[in-house]
1. With the requirement that a residue be among the aliphatic types (A, V, I, L, M) and open to solvent by less than 10 Å² (accessible area, probe 1.4 Å), what does the range 93-104 give you?
2. Do you know which residues across the range 174-189 are out of contact with any Gly (no Cβ under 9 Å at 6 or more places or on another chain), near ligand 3 (Cβ under 8 Å from one of its atoms) and assigned to a loop (DSSP other than H, G, I, E, B)?
3. Hey, does the range 265-277 have a residue that's open to solvent by 70 Å² or more (accessible area, probe 1.4 Å), in a helix (DSSP H, G or I) and within 16 Å of ligand 3 (Cβ to nearest atom)?
4. Residues that are within 29 Å of residue 308 (Cβ to Cβ) and either of a type outside the set (Val, Ile, Thr) or within 12 Å of ligand 1 (Cβ to nearest atom) (or both): does the range 149-158 have at least one?
5. Using beta carbons and a limit of 7 Å, which pairs, at least six apart or on different chains, have the first residue in the range 98-122 and more than 24 Å from residue 81 (Cβ to Cβ) and the second one within 16 Å of ligand 3 (Cβ to nearest atom)?
6. Going by the conditions given, is residue 109 surrounded by fewer than 24 Cβ atoms within 10 Å (Cβ to Cβ) and either touching a helix residue (DSSP H, G or I) at 6+ places or on another chain (Cβ under 9 Å) or farther than 23 Å from residue 235 by Cα (or both)?
7. Can you tell me which of 126, 132 is acidic (Asp, Glu), free of Cβ contacts under 8 Å to residues at least 60 places away in the same chain and either in contact with a strand residue (DSSP E or B) (Cβ under 9 Å, 6 or more places away or on another chain) or away from ligand 2 (no atom under 16 Å from the Cβ) (or both)?
8. Does residue 122 count as within 16 Å of ligand 3 (Cβ to nearest atom) and open to solvent by less than 30 Å² (accessible area, probe 1.4 Å)?
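The values are calculated or read from the model by the stated rules, or taken from the named source; none is laboratory data. These numbers were taken from a predicted model, which means no experiment stands behind them. Virtual Cβ from ideal backbone geometry, glycine too; neighbours counted across all protein chains shown. Quick note on the areas: whole protein, heavy atoms, side chains included, nothing else; ligands and nucleic acids left out. Shrake-Rupley method; radii C 1.70, N 1.55, O 1.52, S 1.80 Å.
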Amino acid sequence: MYDKKRILVTGGAGFIGSHLCRRLLKAKHEVVCVDNYFTGSRSNISSLMPDPLFEAIRHDITSPLHLEVDEIYNLACPASPVHYQADPVQTTKVSVQGAINMLGLAKRHKAKILQASTSEVYGDPEMHPQPESYLGRVNPIGPRACYDEGKRCAETLFFDYHRQHQLVIKVARIFNTYGPGMRVDDGRVVSNFIVQALGGKPITIYGDGSQTRSFCYVDDLVDGLIRLMGTPDHEAGPINLGNPGEFTMLELAELVIRLTGSRSRIEFRPLPQDDPTRRRPDITRARVSLGWEPRVNLTDGLKDTIAWFRRQIDQRPVRIVEPVLAFG
Ligand code: NAD
Ligand code: UDP
Ligand code: UDP
C-alpha cells in the first residue's frame, strides 16, 4: 500500500519542476503545480494536464497562498543568470518573501517542506570540491547577489522555522543541472552551446573557458530530491546534489560540437563579473544518507538533451512567432 500525498511543487512549470511533477504523478501522488510562468511555461506541463491527479495554479508565491498539502517542494525562482539578473529585486523577493510564505503554509498545515537551494551559496569557492560545511564566498553587492544572497537567506529562514516552529525541513544544494525541457532561450551554458551548435552559430565561451562546472542530468537530480524528501524528519540537510564530474567550459564546448557533428566555431566573449572559477560537489553526505549518486554521465545526458533540442528546432514552423527559434 503506497502512501498517497497531496504535494505542492512551486515553480512546477519550470525545467526541474516539470520533471519533478511528472515523477510524483507516476508515483500516484496528487500534484499541485504553482507557477507564475516567469521562466516556466504551460507547454512544459501540457502533457500532465489530462491527469486527474494534476492541477496547475497561476500564482506568484511572493503573495500568500492558501492550500491544504502534505509536502512542499519550493522550486519557484528563476535559475539562469540571464533571467534572474533581468529583475534582480524580484529574484530576491521570490527567494525570501516566497520562502516565508511557503514556510508559513507548511507551518499552518504541518507539511514537510523542501527548499531548492543552490551551489551558488558557496559563491566563488576557495575550497574544492565543496562540502556542505564550507561557508562560502559570496559578493553581497555584485550582480549575482540577488540570487546567491536570496538563496542564502532562504536557507536561514528554513533553519529558523525548523528551530523556532519545529517544521520538518529539507534543504538541497543543487549543482548545475541540465536536460530535456530547458528553454531554448534559457541562457545557461548547456542550452546555449547546444542551440548554437545545432544552428551552426558560433559557440560563445565567456572568458577563456578554463572555469569549471559539474553537470547533473535532470533525472538523477529529481531522484535525489525525492529521496531527500523521504529521509527521517530530523534529517534537514543541507545536502549537496550534483554530479562530481568536473569539466571546463572549453571541454564542454568541444564535447557538444562533437556530439552534434556541428561545424560551429568557438568565439570568446567577456567573462561576466563574479563568475565562479570552479565548482564541484562533494557528495559524500548524499551517498551516505540518501544512498544516492548520479547514474548518467555527461556524454549520455548530452545525447538525450541534444535529441530533445533537435526536436524543438524541427518544430520551428509551428512556433515561428518566437524569434529565438529562428535558426540557420
Ligand atoms: P526555471 O527557471 O526553469 O524554473 C523556475 C520556475 O519558477 C519557473 O517555472 C518560473 O516561472 C517559476 N517562478 C519564478 N518566480 C516565481 C514566482 N514568484 N512565483 C511562482 N513561480 C515562480 O529553473 P530550474 O532550473 O527549473 O530551477 C528550479 C529551482 O532549482 C530554482 O529554485 C533554482 O534556483 C534551483 N536550482 C536549479 C539549478 C539548475 O542548475 N537547474 C541549480 C541550483 C538550483
Ligand atoms: N502564509 C501563507 N499561507 C498559509 C499560511 C501563511 O501564505 O497558509 C503566509 C502568511 O501570509 C505570512 C507568511 O506565510 O506572511 C508567514 O507565516 P507565519 O505564520 O510564519 O507568520 P505570520 O503570519 O505570523 O507573519
Ligand atoms: N557560459 C559560457 N557561455 C554561455 C553561457 C555560460 O561560457 O553561453 C559560462 C558561464 O560564464 C559560466 C558557466 O558557463 O562560467 C556556467 O554558466 P551558467 O549560466 O550555465 O550557470 P552558472 O553556474 O554560472 O550559474
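1. 99, 102, 103
2. Scanning the range 174-189 gives 187, 188.
3. Narrowing the range 265-277 to residues open to solvent by 70 Å² or more (accessible area, probe 1.4 Å): 265, 268-271, 273, 277.
With in a helix (DSSP H, G or I) added as a condition, the list becomes none.
No: zero hits.
4. Yes, that holds for at least one residue.
5. Matching pairs, first to second residue: none at all.
6. Considered against the rule, which asks whether it is surrounded by fewer than 24 Cβ atoms within 10 Å (Cβ to Cβ) and either touching a helix residue (DSSP H, G or I) at 6+ places or on another chain (Cβ under 9 Å) or farther than 23 Å from residue 235 by Cα (or both), residue 109 comes out as no.
7. Details: 132 fails: free of Cβ contacts under 8 Å to residues at least 60 places away in the same chain.
Checking each option against the conditions leaves just 126.
8. Answer is yes for this residue.
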